[in-house]
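Step one of this worksheet: look at the structure below.
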Amino acid sequence: MFDDEAVYAAVSREIETGHIRQGLWTKALSDTGYDEQRARAAYIKLRVKTMKKEGRVAAREGQQQHEQAQRLLERQREEEKERCKHERLQVLVRQGNSLEALAKHGRPPGFAGEAVEV
């Protein structure tokens, strides 16, 4: 899922530019008895692990956003279908084809009454 080489390269760049995470560095120092060489190796392992975890979280969040967008799109499509159906019904009624409209599409939303002879 993750390119190890790219993750290690990113950690290397962080170290070279002095952009290390102080909390992880302190943990690495503590875990190695404050031996700077061993702490550097421990820091790299810790940082790679956190980068991979952050990447998985970001991927999961991206997937959730994608699924939410798909649900919204589907709901919009359904609403558009209903709107078009309602507009077609209105056209048929305006053209004097009320019975055909009712037979074909059923009663529109908000239709309360029965047909009354005059």
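Bear in mind that the values in this text are calculations on the coordinates, not laboratory data. What you see is a predicted model; the values in this text were computed from it and never measured. In this analysis, Cβ positions are derived from the backbone assuming ideal geometry, glycine residues included, and neighbour counts consider all displayed protein chains.
What are the ³J(HN,Hα) values, in whole Hz, obtained from phi via the Karplus relation 6.51 cos²θ - 1.76 cosθ + 1.60 with θ = phi - 60°, for each residue of region 11-22 in sequence order, with x given for Gly and Pro?
Listing the rounded values in order: 5, 4, 4, 4, 5, 4, 8, x, 9, 9, 8, 4 Hz.
Add +1 for every Lys or Arg and -1 for every Asp or Glu among the other residues with Cβ under 11 Å from the Cβ of Asp31, and state the total.
Combined, the nearby Lys, Arg, Asp and Glu give +2.
For Ala59, what is the net charge nearby, where nearby means another residue's Cβ is under 15 Å from its Cβ and Lys, Arg count +1, Asp, Glu -1? Working shown, then result.
Working: positive: Lys52, Lys53, Arg56, Arg60; negative: Asp3, Glu54, Glu61, Glu67.
Surrounding charge for Ala59 is 0.
Would you please calculate the Kirkwood hydrodynamic radius of region 1-93 over all C-alpha pairs and express it in Å, rounded to one decimal?
17.2 Å
Can you list residues from other chains, or at least 5 along the same chain, whose modelled amide H is less than 5 Å from the amide H of Asp35?
Residues meeting the amide H criterion: none.
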